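Student: Below is a structure I'd like to ask you about.
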Amino acid sequence: MIEIPAGEVHLRDDRKGTAWTSKVESFRLARHLTTRTLLHGDSSDDSSKPAVDLSWKDAIATCNALSVADGLTPAYRDVDTDSPQWDRGATGYRLATEAEWQYACKAGTSGYRYGEIDEIAWYSDNSEGRARPVGTKAPNNWGLYDMIGNVWEWCWDLYDPEVYGTYRIFRGGSWAESERGCGATVRRRSHPTFAIDDLGFRLAQTI
């Protein structure tokens, strides 16, 4: 886990044409995407690839299970309901908020990406149609790998409750996305039970 310094981040919703600024408190974020090894003890050739086909509900349940295994207080309550709750004082692992994710992704830079895409990301032009082992492209300035490309990452936040109900946000682009779809400000959403082979998550932790 890497300690991310406090700061603020500018976000926008192109669908609504709105923009806002959020303060981010210092928190910890995993250097790498969650891998098959961490979840399943996988020792195959695919063990260092991101864990995928995980819904948002799978991701928060996994955060709780990993927290218990490490002797930490689980961050989420009522995970089997339609309205899971986040205990913000818990020591356990959790998903990053959307603001935390974008702030950590940019790592003090101001562009759409923190480097040249072929140097930092697996995407449709170079992935050969599959997820790749984590940490094999260059990290951002804070030492975080695969923040752009390889697989999308679930965030905690609801997308737009008034229009989309319980849909949750995911960020970052994936091996299946075009260059245009891989950037620090790209926002996607889906139902919390949705799972696909280019969507995973990364562990965060409150300090």
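Student: Collect the residues in region 23-48 that are modelled with pLDDT under 95, closer than 25 Å to Asn140 by Cα and in contact with a helix residue (DSSP H, G or I) (Cβ under 9 Å, 6 or more places away or on another chain), keeping them in residue-number order. Walk me through how you get there before you give the answer.
Tutor: Looking only at region 23-48, we keep the residues that are modelled with pLDDT under 95, and these are 36-48.
With the extra rule that they be closer than 25 Å to Asn140 by Cα, the set shrinks to 36-39, 46-48.
Those that are modelled with pLDDT under 95, closer than 25 Å to Asn140 by Cα and in contact with a helix residue (DSSP H, G or I) (Cβ under 9 Å, 6 or more places away or on another chain): Leu38, Leu39, Asp46, Ser47, Ser48.
Student: For the list (1) touching a Cys at 6+ places or on another chain (Cβ under 9 Å); (2) under 19 Å from Ala30 (Cα atoms); (3) of a type in the set (Gly, Ala, Ser), I need the number of the one condition that Ser124 fails.
Tutor: Just one mismatch for Ser124, condition (2).
Student: I've got another one for you. Identify, please: which residue in region 62-117 is aromatic (Phe, Trp, Tyr) and surrounded by fewer than 20 Cβ atoms within 10 Å (Cβ to Cβ) and is, among those, nearest to Glu8 (Cα to Cα)?
Tutor: As a first pass, look at region 62-117 and keep what is aromatic (Phe, Trp, Tyr): 76, 86, 93, 101, 103, 112, 114.
With surrounded by fewer than 20 Cβ atoms within 10 Å (Cβ to Cβ) added as a condition, the list becomes 86, 112.
Details: Trp86: 22, Tyr112: 17 Å.
Here the residue is Tyr112.
Student: Collect the residues in region 113-136 that are within 19 Å of the chain's Cα centre (by Cα), over 8 Å from Trp175 (Cα atoms) and free of Cβ contacts under 8 Å to residues at least 60 places away in the same chain, keeping them in residue-number order.
Tutor: Answer for region 113-136, where residues must be within 19 Å of the chain's Cα centre (by Cα), over 8 Å from Trp175 (Cα atoms) and free of Cβ contacts under 8 Å to residues at least 60 places away in the same chain: Gly115, Ile120, Thr136.
Student: Starting from residues that are in contact with a Lys or Arg (Cβ under 9 Å, 6 or more places away or on another chain), touching a residue at least 60 places away in the same chain (Cβ under 8 Å) and among the charged types (D, E, K, R), keep the ones in region 161-197 and report whichever is most open to solvent (accessible area, probe 1.4 Å).
Tutor: It comes out as Asp197.
Student: In region 149-160, how many residues are out of contact with any helix residue (DSSP H, G or I) (no Cβ under 6 Å at 6 or more places or on another chain) and open to solvent by less than 50 Å² (accessible area, probe 1.4 Å)? Step through it out loud before you land on a result.
Tutor: Residues of region 149-160 that are out of contact with any helix residue (DSSP H, G or I) (no Cβ under 6 Å at 6 or more places or on another chain), as a first pass: 149-153, 156, 158-160.
Of the ones still in play, those that are also open to solvent by less than 50 Å² (accessible area, probe 1.4 Å) are 149-153, 156, 159-160.
Of the residues in that region, 8 qualify.
Let's see how each residue does on (1) touching a Leu at 6+ places or on another chain (Cβ under 9 Å); (2) farther than 16 Å from Ala204 by Cα; (3) of a type outside the set (Ser, Thr, Tyr):
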{"residue": "Pro5", "(1), (2), (3)": "no, no, yes"}
{"residue": "Asp13", "(1), (2), (3)": "no, yes, yes"}
{"residue": "Ser26", "(1), (2), (3)": "no, no, no"}
{"residue": "Leu29", "(1), (2), (3)": "yes, no, yes"}
{"residue": "Ser67", "(1), (2), (3)": "no, no, no"}
{"residue": "Asp80", "(1), (2), (3)": "no, yes, yes"}
{"residue": "Gly111", "(1), (2), (3)": "no, yes, yes"}
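Student: Can you report the number of residues in region 14-51 which are closer than 15 Å to Thr97 by Cβ, surrounded by fewer than 15 Cβ atoms within 10 Å (Cβ to Cβ) and charged (D, E, K, R)?
Tutor: Of the residues in region 14-51, 2 are closer than 15 Å to Thr97 by Cβ, surrounded by fewer than 15 Cβ atoms within 10 Å (Cβ to Cβ) and charged (D, E, K, R).
Student: On to the next question. Mind checking which residues of region 98-121 are of a type in the set (Lys, Arg) and more than 19 Å from Val24 (Cβ to Cβ)?
Tutor: Residues of region 98-121 of a type in the set (Lys, Arg): 106, 113.
Arg113, the sole residue that qualifies.
The values are calculated or read from the model by the stated rules, or taken from the named source; none is laboratory data. Note that the structure is a prediction, hence the values are computed from the model and not measured. FYI the Cβ positions are ideal-geometry reconstructions off the backbone, even for glycines, and counts take in every protein chain you see. For accessibility, only protein heavy atoms count, side chains too; no ligands or nucleic acids. Shrake-Rupley method; radii C 1.70, N 1.55, O 1.52, S 1.80 Å.
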